[in-house]
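The values are calculated or read from the model by the stated rules, or taken from the named source; none is laboratory data. No experiment lies behind these values; they were computed from the predicted model shown. Virtual Cβ from ideal backbone geometry, glycine too; neighbours counted across all protein chains shown.
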Amino acid sequence: MIPSLPMRIPVRVSLPSQLLFLLLLTHCAHSSGPAPANGPAPVVATTQGPVQGLAYVDGSAAFLGIPYAAPPTGPRRWRAPEPPEAWSAPREATRFGSACPQMEMFTGKRMEGTSEDCLTLNVWTPALQPASPAPVMVFIHGGGFTMGSSSQEMYNGAALTRSGVVVVSMNYRLGALGFLAHPALGAENPNHVSSNYGLMDQRRALEWVRDNIATFGGDPANVTVFGESAGAVSACMQMLSPQAKGLFHRVIAESGTCYLTATPLRDPGTPQEDSAEERGIRFASELGCTGEDVAACLRSKTPEQLLAASGAALDLLKPHVGFAPVVDGDVVPAAPRQLLAEGRYARVPLLLGTNADEGSLFTIRAKLDSPAQYEEAVRARSPEHAEELLRIYPVKDFASPHAAFDHLLRDALFLCPSRRLARTHVEHGQPVYTYHFTYAPKSFSGPFMNLGAAHAAELPFVFGAEKGRLSLGSDQERALSSKIIGYWTRFATRADPNGSGAAEWPSYTRDGEPHLVLDLEPGRGERLDQAHCDALEALGL
């Protein structure tokens, strides 16, 4: 039996497994740094000490692997991040820091080159001394809260800086090291909570931006948080967190919302709902950590032992322990659905959207060749609502059983939650711009071929990817990337993606539900799959 998702959605798949595409992308290629620099290496002061980066003839610069927190090792493991130790001599910032501990795809082995000493960030700036401070875009990578890093080749911020923004990316703790909840860990916390260390890391990086980005030419009063998949969920979770208030001023969420996580920290008293602490107790027991000093026992375990106890998160048919943000009453004060409905969150301008074929990646290995297999899959993953879902998504309405299940996944996990967030945010008086990415990339290779506009397919266009198997392969694709970068950076600059002669992007309203269709020729769309989303919402899903 596939472990139940730590959220209320119709398809029972763990969150890390839902985000398979990002996990595949994570292991494609990690860059050791940008191309050799031209010009003298700049030295910039930070609150912890000076850093020396890479300069380019066009005046831009990159600073890689800057520590924004102390290594979360030893007694700091499973505690809030602390400031790093200060330094006096210029610190080399020309290579990415280590990725946080994580597994290799499908092997169940620790990925080489990772380290618990991973809390670093990167800065790309168009100019260190601009005529006026530049807007700042802070990227949070995806990977199901289990894998990923800011060093992935595709996440190079150089193309975005050409539009006049400063780009920041960061690593944050993943898996059990980032999201383990346990009463023994909560007992060490003044608020008696545990988990959400990865979210705390993200907030600490945003605090670093507030305190330091001006010396890199950025404007700390104009910060946009953007992320994809788990990164989009993270951006949304930061909107809910009181401690992050004022650290950012706009949000871009690509294929993810905080509706996808609602696991309570402690037993909610309902037999069918698992709590994060209950999972943590079982996890610790599997590692032999029971009795009086569970926290010390857990800290004695190596990252390899923790990863092995988590299981392989990529195989939907093998058991594993899912780790993701939880409702702890502190970092996340209440269930996201409640906070959003009540307006108890950072109400800032929002740009969000989904891809036309979000579900295609997650069913690559699934056998869905017959109506019977489709029905079996729906019943296995959502026994409580199977009959209703089979009525809403009858196989006869789709080209194949596989297509039916892909469509259900797309709607339940991505499209409809994004629509719900857009509707809620507009009700609270904030500007919202929604998109639907429909272009099926022609240049992707390997397992990414023939998946349509799959989950994360927009990312190479957002970053203007020039290298790797997901690089843009034609003038048409590069032109689309230029348009998307323009929309994203204009939104980051002034909370409106329109301008520069681009196709008009209508602001979202509940009546017509207008959105921008992102394809080779962007254009206006309306009422995207409204009937299916209304039906799912009527079920409370």
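Things to note:
- Test: residue in segment 63-74 that is exposed (fewer than 15 other Cβ atoms within 10 Å of the Cβ), farther than 25 Å from LEU199 by Cβ and modelled with pLDDT of 85 or more: no
- Checking ARG8 against (1) at pLDDT below 95; (2) touching a helix residue (DSSP H, G or I) at 6+ places or on another chain (Cβ under 6 Å); (3) among the basic types (Lys, Arg), the condition it does not meet: (2)
- Against the test of being among the small types (Gly, Ala, Ser) and more than 17 Å from GLN238 (Cβ to Cβ), the options SER169, SER150, SER195, SER132 yield a single qualifying residue, SER132.
- Among residues of segment 289-304 that are closer than 20 Å to LEU174 by Cα, those with a beta-carbon under 7 Å from a residue that is modelled with pLDDT under 95 and of a type in the set (D, E, K, R) at least six positions away or on a different chain give the pairs PRO303/ARG110; GLU304/ARG110.
- For segment 456-475, the set of residues classified as touching a Cys at 6+ places or on another chain (Cβ under 8 Å) and under 19 Å from ALA230 (Cβ atoms) consists of LEU470 only.
- In this structure, ALA187 does not satisfy being within 24 Å of the chain's Cα centre (by Cα), at pLDDT 95 or above and either under 15 Å from VAL167 (Cβ atoms) or among the small types (Gly, Ala, Ser) (or both).
- Close contacts from segment 236-257, counting a first residue that is in contact (Cβ under 8 Å) with a residue 12 or more places away in the chain and a second that is assigned to a strand (DSSP E or B) and small (Gly, Ala, Ser), with Cβ to Cβ under 6 Å and a gap of 6+ residues or different chains, come to CYS236/ALA253.
- Checked against the criterion of being assigned to a helix (DSSP H, G or I), hydrophobic (A, V, I, L, M, F, W, C) and at pLDDT below 95, the candidates LEU415, LEU361 yield just one match: LEU361.
- A count restricted to segment 327-347 and to residues that are assigned to a loop (DSSP other than H, G, I, E, B) and touching a strand residue (DSSP E or B) at 6+ places or on another chain (Cβ under 7 Å) stands at 2.
- Residue that is nearest to the chain's Cα centre (by Cα) [pool: residues in segment 433-458 that are surrounded by fewer than 20 Cβ atoms within 10 Å (Cβ to Cβ) and at pLDDT 95 or above]: HIS436
- Filtering segment 112-145 to residues that are in a loop (DSSP other than H, G, I, E, B) and under 28 Å from TRP78 (Cβ atoms) leaves GLU112, GLY113, SER115, GLU116, ASP117, CYS118, LEU119, HIS141, GLY142, GLY143, GLY144, PHE145.
- Every pair of residues 6+ apart whose Cβ atoms lie under 8 Å, when the first sits in segment 362-376 and is among the aliphatic types (A, V, I, L, M) while the second is surrounded by fewer than 17 Cβ atoms within 10 Å (Cβ to Cβ): ILE364/PRO447; LEU368/SER400
- Among the candidates VAL166, VAL209, residue that is within 23 Å of ALA346 (Cα to Cα), buried (at least 24 other Cβ atoms within 10 Å of the Cβ), in contact with a Leu (Cβ under 8 Å, 6 or more places away or on another chain) and aliphatic (A, V, I, L, M): VAL209
- Answer residue from segment 473-518, given it is farther than 26 Å from ALA454 by Cβ and hydroxyl-bearing (Ser, Thr, Tyr) and is surrounded by the most Cβ atoms within 10 Å (Cβ to Cβ) among those: THR493
- Candidates in segment 52-76 are the residues that are among the hydrophobic types (A, V, I, L, M, F, W, C) and outside any strand (DSSP E or B); of these, the one that is farthest from THR161 (Cα to Cα) is ALA70.
- Enumerated helices (runs of 4 or more DSSP H) restricted to segment 146-210, each holding at least 1 residues that are among the hydroxyl-bearing types (Ser, Thr, Tyr) and touching a residue at least 40 places away in the same chain (Cβ under 8 Å): 158-161
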